[in-house]
Amino acid sequence: MDEVPGLRSAQRRGLAEEAADRIREAIFDGAFPPGAPLREVELAAALRVSRGSVREGLTRLDREGLVESEWHRGCRVRTLSAADADELHTLRAALDELAMRTAAARATEADLAGLGDLVAGLERARDLDAPTADLIALDMRFHDGVYRVTGHRRLGEAWAAIRSQIYLFLLIRTRGAEDYRDLVVEEHRDLVEALRSGDQDRAARLGTEHVHGGYRRLLDGLGADVD
């Protein structure tokens, strides 16, 4: 049986949606770094689905902005240009400012406890020297949680539309950057405290600073990866 390291076989044969889920999962786990080729034949064999299902799955991921296809070059995991990075960071900053402001006004004790548990999970993962991909997954779950707390459907949909690209941004941002592991717990703990305070202006400001700080560190430390 053909296997691709880091890629689990599909459980429901022939479903393009699951093929997309499995490939996305493998990208987020670091099995396919930015720029890595995604070959239909290999993926179909590893997932044990048809090439048509893989092709449709890759089309879905293309729409998410996670992969890109070029004539005669096939499909590969997207890399970020300087323009891509700038657009993502400015858009996310605008969305997170509204999300943090709205969540500060609406968060319940149960909401705050759930976000606090995710920060505690980040701290445990960091202290146990877990793979950076595990920290990124918790980081994304934290921000998913903030958007859920807002109860703002269209804001949540806007976040979902760029989520995969933000995930990829984080994978590039953290590659070889130990400062991410040093800062991720403290920054997210500060975000929870800002939400707990109910101070909407403070929450919005910290949310924006969190996004801008990550972008600056991407450019300062990993500029070679952003064309």
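The values are calculated or read from the model by the stated rules, or taken from the named source; none is laboratory data. Bear in mind the structure is a predicted one, so any value in this text is a computation, not a measurement. Here Cβ is always computed from backbone atoms with ideal geometry, including for glycine, and neighbour counts include all displayed protein chains.
Assuming ALA83 fulfils every condition listed in (1) modelled with pLDDT under 95; (2) within 26 Å of ASP182 (Cα to Cα); (3) of a type outside the set (S, T, N, Q) apart from one, which condition is it? It is condition (2) that ALA83 fails.
Listed by first and then second residue, the pairs linking a residue in the stretch 211-223 that is under 16 Å from GLU187 (Cβ atoms) to a residue that is at pLDDT below 65, with Cβ atoms under 7 Å apart and 6 or more places separating them unless they lie on different chains, are LEU218/VAL226. When GLY121 is tested against (1) touching a Leu at 6+ places or on another chain (Cβ under 7 Å); (2) surrounded by 20 or more Cβ atoms within 10 Å (Cβ to Cβ), just one condition goes unmet, and that condition is (2).
If you check GLU97, GLU70 for being outside the structural domain of HIS210 (by TED's automatic domain parsing) and either at pLDDT 95 or above or farther than 11 Å from GLN165 by Cβ (or both), only one passes: GLU70.
Could you list, in sequence order, all residues of the stretch 135-165 that are outside any helix (DSSP H, G or I) and among the β-branched types (Val, Ile, Thr)?
Taking the stretch 135-165 as the starting set, the residues that turn out to be outside any helix (DSSP H, G or I) are 151-152.
Correct list: empty.
Right, GLU123: in the same structural domain as HIS89 (by TED's automatic domain parsing) and either in contact with a Cys (Cβ under 8 Å, 6 or more places away or on another chain) or in contact (Cβ under 8 Å) with a residue 60 or more places away in the chain (or both) or not? When the stated conditions are applied, GLU123 passes them.
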